[in-house]
Amino acid sequence: MAVFALLAISVFGNAITFLWYDGAANPELTMGDALWYSVISITTIGYGDFSATTVGARVGTVIFVVIVGLTAFSGFLGLLVDWMMNLNFREIHGLSTMYSKDHVLLIHFPDQVRVQSIIRELRDDPQYAKVDIVLLNDQIETLPFDIPGVFFVKGSPLQLDTLERAGLQEARIAIILCTSQEDPGSDGKVASVLTMVEHMKPEIKTIAECLDERHRILFRSTNCDSVVYSNQLINNLLVQETQDIGVSSLVATLTDNGQGFTLHSAVVGEKAGTPYSELSTDFDKKNVRLISVQRDEEQVVDWSDMKAKDGDRVIYIAQARMTWEEMIA
């Protein structure tokens, strides 16, 4: 405030002095000309289109421009540089507040390679190609990579102010990863963060990672949209691969957003009551392969005798994600 006050005094003081003394000798001078002369002089640009000619105007220039103005302007530039450096420091170290909208929250940082892989998969999906991604955790000091549209908020995800700084209220989805594969308390921490997130924004879509399937009970009291038991998936694939070579490669392909045909899902709406066998025949004509039907919490692979029910979620393979209405059109 002091610097701005000095700048204002130097600009208006010099302008008034210049107009008072030189204006008497040159009636064509206006207040706008005087202010222009003050600003151009204080910023050291000095176009030369105006200059003090009388003794009084020159004395005013020395006092208001040379002594007060240049000092205040230099101080202002120093404050501006300090502010920009502080802003950059806060952003790099995750201390800033995010103002993104409809973004993805990625909570916890198990390791750099894995987080980068998840970000790449999100970017390969057209739905998230241009969506901001905000990493929220207290496990790193600065973001170890530079990816456009990826930001960092440092702090405990169990604190309300940290979630607010990450823009939780404006987020589209929250993905809560394990803290570390070696952390025996990871599942408890994930469940606690999930509870906090859903408490602050009940309608947000949440995906949580659970390392030990025996901890399934931790997530039963939450409204999590999906819990992924990562270690169970890995173990199942390893055992399956020992007997049927190629299964893991197929799963990797079908879950890679950058590879043509991938797995998608849609919620049944219209045509409830129609046999899935009949719908599947129609889907095949669109290069859509029906894989399974999720009814309540059960995945049904043999759906040949089932009829579509409102609220079912069908899992299918296709080149692009479609709504149920698009599938049955």
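The values are calculated or read from the model by the stated rules, or taken from the named source; none is laboratory data. On a predicted model such as this, the values are computed, not experimentally measured, just so you know. Note: ideal-geometry Cβ built from the backbone for every residue, glycine included; neighbour counts use all protein chains shown.
Could you run through the stretch 154-163 and say how many residues are surrounded by fewer than 19 Cβ atoms within 10 Å (Cβ to Cβ) and touching a residue at least 24 places away in the same chain (Cβ under 8 Å)? Walk me through how you get there before you give the answer.
Start the filter on the stretch 154-163 by keeping residues that are surrounded by fewer than 19 Cβ atoms within 10 Å (Cβ to Cβ), which leaves 155-156, 158-161.
Imposing the further condition that a residue be touching a residue at least 24 places away in the same chain (Cβ under 8 Å) reduces the set to 155, 158, 160.
Qualifying residue count, the stretch 154-163: 3.
Which of the strands (runs of 3 or more DSSP E) found entirely inside the stretch 232-329 contain at least 2 residues meeting this: more than 28 Å from the chain's Cα centre (by Cα)?
Details: elements: 262-267, 289-295, 298-300, 313-318.
Strands (runs of 3 or more DSSP E) meeting the threshold: 289-295, 298-300, 313-318.
Please go through the stretch 283-311 and pick out each residue that is of a type outside the set (S, T, N, Q) and either within 16 Å of Leu263 (Cα to Cα) or outside the structural domain of Gly273 (by TED's automatic domain parsing) (or both).
Applying the first criterion (of a type outside the set (S, T, N, Q)) to the stretch 283-311 yields 283-286, 288-291, 293, 295-298, 300-303, 305-311.
Matches in the stretch 283-311: Phe283, Asp284, Lys286, Val288, Arg289, Leu290, Ile291, Val293, Val300, Val301.
Give the number of residues within the stretch 139-195 that are part of a loop (DSSP other than H, G, I, E, B) and of a type in the set (Asp, Glu).
Residues flagged as part of a loop (DSSP other than H, G, I, E, B) and of a type in the set (Asp, Glu) within the stretch 139-195 amount to 4.
Any residue in the stretch 222-239 that is within 24 Å of Lys205 (Cβ to Cβ) and at pLDDT below 90 sitting within a Cβ distance under 7 Å of a residue that is of a type in the set (S, T, N, Q) and not in a strand (DSSP E or B)? List the pairs, counting only those 6 or more apart or interchain.
Listed by first residue and then by second, the contacts come to Thr222/Thr195.
Show the residue pairs that are 6+ apart or on different chains and have beta-carbon atoms under 6 Å apart, the first residue being within the stretch 266-292 and loosely packed, with under 12 Cβ neighbours inside 10 Å, the second being in a helix (DSSP H, G or I) and aromatic (Phe, Trp, Tyr).
none
For the stretch 185-213, what are the residues that are closer than 18 Å to Gln159 by Cβ and of a type in the set (D, E, K, R)?
Those that are closer than 18 Å to Gln159 by Cβ and of a type in the set (D, E, K, R): Lys189, Glu198, Lys201.
Inspect the stretch 39-53 for any residue being among the β-branched types (Val, Ile, Thr) and more than 53 Å from the chain's Cα centre (by Cα) and give the result as yes or no. If you could, list the steps in order and put the result at the bottom.
Taking the stretch 39-53 and keeping what is among the β-branched types (Val, Ile, Thr), we get 39-40, 42-45, 53.
Going one step further and asking which of them are more than 53 Å from the chain's Cα centre (by Cα), we end up with 53.
Yes: the stretch 39-53 contains one or more residues that are among the β-branched types (Val, Ile, Thr) and more than 53 Å from the chain's Cα centre (by Cα).
Hey, does the stretch 202-217 have a residue that's surrounded by fewer than 12 Cβ atoms within 10 Å (Cβ to Cβ) and under 21 Å from Arg172 (Cβ atoms)?
At the first step, the residues of the stretch 202-217 found to be surrounded by fewer than 12 Cβ atoms within 10 Å (Cβ to Cβ) are 202-203, 214, 217.
Now narrow it down to the ones that are under 21 Å from Arg172 (Cβ atoms): 202-203.
Yes, the stretch 202-217 contains at least one residue that is surrounded by fewer than 12 Cβ atoms within 10 Å (Cβ to Cβ) and under 21 Å from Arg172 (Cβ atoms).
Taking only the stretch 214-231 into account, find how many residues are in a helix (DSSP H, G or I) and among the aromatic types (Phe, Trp, Tyr).
Let us first name the residues in the stretch 214-231 that are in a helix (DSSP H, G or I), namely 214-219, 230-231.
Keeping just the survivors that are among the aromatic types (Phe, Trp, Tyr) gives 219.
Counting residues in the stretch 214-231 that are in a helix (DSSP H, G or I) and among the aromatic types (Phe, Trp, Tyr) gives 1.
The conditions are (1) closer than 24 Å to Gln116 by Cβ; (2) loosely packed, with under 15 Cβ neighbours inside 10 Å; (3) in contact (Cβ under 8 Å) with a residue 24 or more places away in the chain, and Gly188 fails exactly one of them. Which is it?
Just one mismatch for Gly188, condition (1).
Can you confirm whether Thr53 is more than 25 Å from Ala2 (Cα to Cα), surrounded by fewer than 15 Cβ atoms within 10 Å (Cβ to Cβ) and among the hydroxyl-bearing types (Ser, Thr, Tyr)?
Details: more than 25 Å from Ala2 (Cα to Cα): yes; surrounded by fewer than 15 Cβ atoms within 10 Å (Cβ to Cβ): yes; among the hydroxyl-bearing types (Ser, Thr, Tyr): yes.
So Thr53 fits the description; yes.
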